[in-house]
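Participant: I'd like to ask you about the structure that follows.
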């Protein structure tokens, strides 16, 4: 038992603490890098969805989603726009 206690000295404990801190540091930067990469990929995909390619078969212009509009006038106008869009979709059916 004394051999084990002698082996676990202050330097050994400090080495483990430093090792854990380094692993946490590397893990945190890995997590940040992964989040950055996924955010860039998500932004690219959203950009593709908003602006369809010129070779698309649909000749009708695609409106930008409401989330892309910079200034939102007010909720009543958005609600009216949503109702109008819903009526148009019902007329098509």
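Participant: Sticking with the crude label model, points 7 Å out along Cα→Cβ, report the distance from residue 29 to residue 43 in nm, one decimal please.
Facilitator: 2.2
Participant: Expressed in nm to one decimal, what extension gain is obtained for the pair residue 90 and residue 13 from 0.36 nm per residue of sequence separation less their Cα-Cα distance?
Facilitator: 20.6 nm
A short reminder: the numbers here are calculations on the coordinates, not readings from a lab. Values in this document were obtained by computation on a predicted structure and should not be read as measured data. Positions of Cβ are backbone-derived with ideal geometry, glycine not excepted, and every protein chain shown enters the neighbour counts.
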